[in-house]
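So the structure is just underneath, and the comments pick up after that.
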Amino acid sequence: MHELSMAQGIINTVLETAENNGATEVNKIYIEVGKLAMLNPEQLKFLLDVLVENTMAENAKIDILEVPVTISCPECGYEGVANLDDSDHYAPIIECPKCENLRISILGGRDCIVKNIIVEKPDEE
Amino acid sequence: MHKVADIEVQKNIMDANRKLADRNKKNFEDNGIFCVDFVGAIGSGKTSLIEDIIENTDYNIGVIAGDVISEFDAGRIEKHDVPVVGLNTGKECHLDAHLVGHGVGDLPLDDIDLLIIENVGNLICPVDFELGSHMRIVVVSVTEGDDTVEKHPLIFKGADLVVINKVDLAEAVGADANKMVDDAKRLNPDVKIIKSSLKEGIGLEEIIDAIAEKKENI
């Protein structure tokens, strides 16, 4: 159940960025979660909705994009999106889509990134 | 009047832990310490294996025992007369690099050449949290069911050594230890896999050798 600590990290980042930019309200939060991160997007969304209560992000729309796994294959030289045998977020076996090799290096898909936020700011004058 | 602004954040929430893990590793290396972390489910045999390693090697060992309430495991290890720090994770399901960094600060690093970290009993959450160790050993017992390996692919993919424990009980619980070996090989083709029964003294020597070999090659 580490969605909670991740969600807290996300909200801290969002609020800190918003404050540093003089925002009064956060309208949208864009997050990317890699398919190899042990995070369930549904649970993460639920916790984020709870954590934004009584903050300037209370009414923010939260958008979580799942990012595919990218690999490099030392056998055939393929670099790109991997084949995952299972659509289940938690149990993928990762293989090269070109030569079906399982001895691959993972390049991406393990992260949880706050991409950008849309905020409201008072006019300068 | 208000205006709307799109602010680029680009902050990776996982990076904070990875940076601290790198810092831990550097700290270990500056102090000439080889660090092994043990992950595995509750009751897989992690603490028993650590006790056996302490009793059967000549390393100067220090232990960080992480658990939701760490005093039980830390108390067991303390009896072997090695420095041990218990890390309480409380509600959290895993150790992270930040907690480990604190634990390391309470150990006499000058007197340690092998640091053992015991993670919380969990095959899921530790995947996302590197600690800065040089070697990750995943301990799984046949009593957890012989589908345990295939159900938790990522923890086995990240393992440097897989220990399939309690093989003496396989028949009693209707588990196929060789299926678990095959599953681990499929997930992590190059990983070393050792079948063990700590109670029967099977596999311990091989595990100790595997740690020594990895330590030599760092």
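The values are calculated or read from the model by the stated rules, or taken from the named source; none is laboratory data. Please read all numbers here as calculations on a predicted model, not as lab measurements. Backbone-built Cβ (ideal geometry, glycine too); neighbour counts: all protein chains shown.
Taken together, B:ASP113, B:ASP168, B:ASP128 contain a single residue that is over 22 Å from B:GLU213 (Cβ atoms) and either out of contact with any Lys or Arg (no Cβ under 7 Å at 6 or more places or on another chain) or at pLDDT below 95 (or both), which is B:ASP128.
Scan the range B:162-173 and give yes if some residue there is surrounded by 19 or more Cβ atoms within 10 Å (Cβ to Cβ) and out of contact with any strand residue (DSSP E or B) (no Cβ under 8 Å at 6 or more places or on another chain), otherwise no. Yes, because at least one residue in the range B:162-173 is surrounded by 19 or more Cβ atoms within 10 Å (Cβ to Cβ) and out of contact with any strand residue (DSSP E or B) (no Cβ under 8 Å at 6 or more places or on another chain). So, in the range A:95-125, exactly how many residues are within 30 Å of A:GLU19 (Cα to Cα) and part of a loop (DSSP other than H, G, I, E, B)? So the count comes out to 6.
Listed conditions (1) surrounded by fewer than 15 Cβ atoms within 10 Å (Cβ to Cβ); (2) away from every other protein chain (no Cβ under 12 Å); (3) more than 21 Å from B:PHE129 (Cα to Cα) are all met by A:MET56, apart from (1). Considering the range B:1-86, the qualifying strands (runs of 3 or more DSSP E), each wholly inside and each with 2 or more residues that are within 14 Å of chain A (Cβ to nearest Cβ), run over B:2-12. Looking at the structure I just gave you, is A:ILE64 crowded, with 16+ Cβ neighbours inside 10 Å, within 11 Å of chain B (Cβ to nearest Cβ) and under 20 Å from A:ASN116 (Cα atoms)? So A:ILE64 fails the test.
When the helices (runs of 4 or more DSSP H) confined to the range B:138-193 are screened for residues that are within 14 Å of another protein chain (Cβ to nearest Cβ), those reaching at least 2 such residues are found at B:148-151, B:153-157, B:177-187. When you look at B:LYS91, is it in contact with an Asp or Glu (Cβ under 9 Å, 6 or more places away or on another chain) and exposed (fewer than 15 other Cβ atoms within 10 Å of the Cβ), yes or no? Criteria not met by B:LYS91.
Would you check if B:VAL127 is buried (at least 21 other Cβ atoms within 10 Å of the Cβ), within 11 Å of chain A (Cβ to nearest Cβ) and not in a loop (DSSP other than H, G, I, E, B)? For B:VAL127, the condition - buried (at least 21 other Cβ atoms within 10 Å of the Cβ), within 11 Å of chain A (Cβ to nearest Cβ) and not in a loop (DSSP other than H, G, I, E, B) - is met. Criterion applied to A:VAL14, A:VAL50, A:VAL33, A:VAL26 was being among the aliphatic types (A, V, I, L, M) and surrounded by fewer than 21 Cβ atoms within 10 Å (Cβ to Cβ), and the one residue passing it is A:VAL50.
Looking for whichever is free of Cβ contacts under 8 Å to residues at least 24 places away in the same chain, within 13 Å of another protein chain (Cβ to nearest Cβ), surrounded by 17 or more Cβ atoms within 10 Å (Cβ to Cβ) and β-branched (Val, Ile, Thr) here; the options are A:ILE104, A:ILE113, A:ILE93. Which one fits? Unique residue meeting the criteria: A:ILE93.
Taken over the range B:96-113, the criterion of being within 17 Å of B:ILE50 (Cβ to Cβ) and surrounded by fewer than 21 Cβ atoms within 10 Å (Cβ to Cβ) is satisfied by B:LEU107, B:ASP113. A:LEU47 meets the stated requirement of being in contact with a Leu (Cβ under 7 Å, 6 or more places away or on another chain) and either assigned to a helix (DSSP H, G or I) or within 12 Å of chain B (Cβ to nearest Cβ) (or both).
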